[in-house]
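Every number here is computed from the coordinates shown, using simple stated rules; none is lab data. These numbers were taken from a predicted model, which means no experiment stands behind them. All Cβ positions, even for glycine, are placed from backbone atoms using ideal geometry, and neighbour counts span all protein chains on display.
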Amino acid sequence: MLFVVPTPLGNLEDMTARSLRVLKESAVVFCEDTRRTRHLMSHFGLGAPLERYDENDPRSVDKLLERVRRGDAVSLVSDGGTPGVSDPGRKAVAAARREGLPVTSLPGPTAVGAAVAGSGLPGDSFLFLGFLPRTASKRRKALEAAKALKRTIVVYESPFRVVEFLDDAVAVLGERAQCVAVRELSKIHEEWIRGTVASVRADLAARAEILGEFVVLFHPDPEPSHA
C-alpha cells in the first residue's frame, strides 16, 4: 500500500495521530528532503528508514513503486503539507494508479485549505492556482482566466516575488479587489494581511525585508457593503 501522508507546514502539533501511526508502521518513508524528514521522525521517535524521492527522476519513482509492488507499507511525504498538492508526489501516485496498486491519501495539513478557511473570503467554491509562472505575461494571463469565474483565487508565492506578483494582480483584478496575504502560515511569525489588492501590495512594498512563504487570496469583487 502507498500512503500519501501530510506533514505539518511548520507547527509540529499539527501532525495527526493517524499519520503518526502510518509512519510508525511503514517499511520505508520516501521523502522530498531526508534531512527535514529525519528531524520530523526523530521528534516523534519514529524509526522507519528514509529514501529520497525525486519527482523528476523516473528511477526514483520506480524504486518507490517496486516497494509497493512487493506489498510493503510505503509512506510518501513532502517537506510540509500534502504530497501532490503543489509538492512532489503526483507522478508516483499517478503511476501507482495506472498499475492498479493500492493507494490511500490521509487527510491533514495543507496550506490552501487553512488559508481559505481563515481568510474570510468566500470558500464555498474557489480556484487554486498553486505557483504561477515566473513571467509577468503568463501570470497575468492565468489571473485573467481566473477572474472570469468570479470565485476566490488562491496562489502560492515566494517572498522574493510577492510584490511583483501583486503588481500583476492590481493590473488584472483592479485596485479594489479583495485580497488576503498569509505569511508563515502555522509558524511562530504567522501574519494575515487583509484589504484591497492595492493596500496589501502597498503594505508589503513598504517593508525593508520580506521573509516567509505566502499564500495569497483574492476575490475579484470589491468588499461588499454591510451598511
Measuring from its Cα centre, the chain shows a charge dipole (+1 at each Lys and Arg Cβ, -1 at each Asp and Glu Cβ) which, in debye to the nearest 20, is 580
Over the range 8-112, consider all pairs of different Cα atoms and compute the Kirkwood hydrodynamic radius from their mean reciprocal separation; express it in Å, one decimal.
13.8
Long-range HN-HN contacts of LEU127 with modeled amide H, under 5 Å:
THR152, ILE153, VAL154
Summed side-chain charge close to GLU51 - residues other than GLU51 whose Cβ falls under 13 Å, Lys, Arg +1, Asp, Glu -1
-2
Alpha-carbon centroid distance for the pair the range 25-55 / the range 122-168, whole angstrom
32
Going through the cross-link list LYS91/LYS150; LYS24/LYS63; LYS24/LYS91; LYS150/LYS187, which pairs have a Cα-Cα distance over 27 Å in this structure?
LYS91/LYS150; LYS150/LYS187
Just to check I understand the Karplus step: with θ = phi - 60° and J = 6.51 cos²θ - 1.76 cosθ + 1.60, what whole-Hz values come out for the range 99-113, glycine and proline as x?
7, x, 7, x, 9, 9, 10, 8, x, x, x, 8, 5, 5, x
Would you list, by chain and number, the lysines whose Cα falls below 21 Å from the Cα of LYS147, excluding same-chain residues fewer than 8 positions away?
LYS138
Determine ³J(HN,Hα), in whole Hz, for all residues of the range 118-124 in sequence, where each value follows from phi through the Karplus function 6.51 cos²θ - 1.76 cosθ + 1.60 and θ = phi - 60°; x replaces Gly and Pro.
x, 7, x, 7, x, x, 5
Quick one: Kirkwood hydrodynamic radius for the range 170-219, alpha-carbon pairs, angstrom, one decimal?
11.2
